[in-house]
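Heads up, the thing below is written out as structure tokens.
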Amino acid sequence: MAQTRTPLRRLLDYAVLSVLAFIFVLPVLYLIVGSFKPSDQVLDGLSGFLPTHLSLDNYTAVLDSFNSDATGYFWRFMGISLLLSTVVVLGGMIINSMAAYGLARLRWKGQRAVFGIVLLLMLVPFEAVAVPLFYMFNDQRNTIYIQAIPFIANAFSIYQFATFFRAIPPSIEEAARIDGAGPWRTFFAIIVPMSKPVFASVAILTFLTQWGSFLWPVLMVSDPAVRPLPLEMSVFQGQMPVDWGQVLAFGVLLVLPVLIVFAFFQRWFVQGVASSAVKG
């Protein structure tokens with residue numbers, strides 16, 4: 001029988017969680033406040049948290065710095081990042097969910113061995129295969145599609161989908177087969193609508209990973225015309241002298257799309273986390 005928490009225990013839990021949340025929010029708060037302050041007041045210790053002398057000068061300066069053919073256009077860099085992230089997220093949700101359905105719900109020879117290989121691939125960091133991929137795709141450098149293709153199929157996403165699909169009662173698919181539905185119709189008409197939480201979780205995690213991708217663009221992109229936003233931020237930060245107010249403003253603009261995506265998928269993401277906790 002589940003134990004009931006006492007009011008004191010509940011109060012302590014909320015107090016600890018509030019302190020942890022405050023600690024995690026502090027850097028974000030510093031980023032946002034600092035982006036509105038003059039550069040000489042940004043790196044000012046704890047006083048950097050104080051919202052004084054606020055203005056939009058840093059944001060206008062960042063946008064003005066990327067407003068010509070010589071420097072490139074800020075919205076072009078953001079558009080490239082949005083395009084890459086969208087392609088990886090949408091393509092990944094289709095390919096990885098279908099692969100996971102075949103591994104989790106269909107029965108065929110070698111299924112367990114293939115799923116074991118997927119689990120092993122989760123242990124291989126991208127840094128271990130980045131150099132071989134660089135030499136393999138060296139002829140496709142400075143293109144947009146090569147920044148997305150290697151990341152569409154993802155072992156961790158397949159594992160997430162497969163774990164969720166395995167928890168769906170088999171009776172649902174049996175009823176679909178009785179009604180004459182084949183595997184394709186069962187997947188798209190029944191399994192996918194029931195799996196919104198895991199699709200939201202995969203979408204958020206994939207978007208977050210792809211949006212912040214840095215190592216692969218460093219290896220494959222030297223043409224400013226196809227630079228994603230994180231790579232351009234590193235170039236901007238490397239310019240001397242460093243204007244930290246503008247760097248933080250650039251950081252806020254970089255983080256903003258991630259917050260929008262999370263807000264859009266938040267309801268289903270929380271459902272997915274809660275269902276995973278219950279199953280665990």
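The values are calculated or read from the model by the stated rules, or taken from the named source; none is laboratory data. This is a predicted model, so every value here is computed, not measured. With ideal geometry, Cβ positions are generated from the backbone for all residues, glycine too; neighbour counts draw on all protein chains shown. Keep in mind that these areas ignore ligands, DNA and RNA; they rest on the heavy atoms of the full protein, side chains included. Shrake-Rupley method; radii C 1.70, N 1.55, O 1.52, S 1.80 Å.
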>> Within the range 142-162, list the residues whose amide N lies under 17 Å from a label point set 7 Å along Cα→Cβ of Leu215.
In response: 147-157
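Quick one: what do you get for the chain if you divide its Cα Rg by 2.2 N^0.38 Å?
On the way: Rg = 23.1 Å, N = 280, 2.2 N^0.38 = 18.7 Å.
Normalised Rg, Cα atoms only: 1.23.
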> Could you give the radius of gyration (one decimal) and Dmax (whole number) of the Cα atoms in the range 2-74, in Å?
Replying inline: 20.3, 65
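Rounded to the nearest 0.05, what FRET efficiency do Phe134 and Ile172 give with R0 = 51 Å and r taken as the Cβ-Cβ distance? Could you check?
Details: r = 45 Å, r/R0 = 0.88.
According to the calculation, E is roughly 0.70.
Sorted from largest to smallest, which semi-axis lengths in Å does the alpha carbon gyration tensor of the range 48-109 give for its equivalent ellipsoid, taking the root of 5 times each eigenvalue?
Details: eigenvalues 401, 70, 7 Å².
Here the semi-axes work out to 45, 19, 6 Å.
Assuming 0.890 mPa s and 25 °C, estimate D for the range 211-271 with Stokes-Einstein, Rh taken as the Kirkwood radius over Cα pairs, in µm²/s. Could the numbers behind the result be given before it?
Values: Rh = 13.3 Å.
Rounded, D is 184 µm²/s.
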> Do the sum for the chain: with -39,500 (n - 2.57) for every DSSP H run of n ≥ 4, divided by all residues, what is the mean residue ellipticity at 222 nm, to the nearest 500 deg cm²/dmol?
Replying inline: -21500 deg cm²/dmol
>> Under the √(5λ) rule applied to the eigenvalues of the Cα gyration tensor, what semi-axes describe the equivalent ellipsoid of the range 97-183? Give them in Å, descending.
In response: 34, 15, 10
> When you take every Cα atom in the range 1-131, what is the radius of gyration, and what is Dmax, the widest Cα pair distance, in Å?
Replying inline: 24.6, 68
> Roughly to the nearest percent, how much of the accessible area of the chain is carbon and sulfur, given a 1.4 Å probe?
Replying inline: 70
> Can you give me the Cα centroid spacing of the range 71-105 and the range 1-50 in angstrom?
Replying inline: 32
>> Starting from a Cα-only point model with no solvent, please compute log10 I(q)/I(0) by Debye for the range 132-280 at q = 0.11 1/Å.
In response: -0.63
>> Quick check: net charge around Leu83, other residues with Cβ under 14 Å of its Cβ, Lys/Arg +1 and Asp/Glu -1?
In response: +2
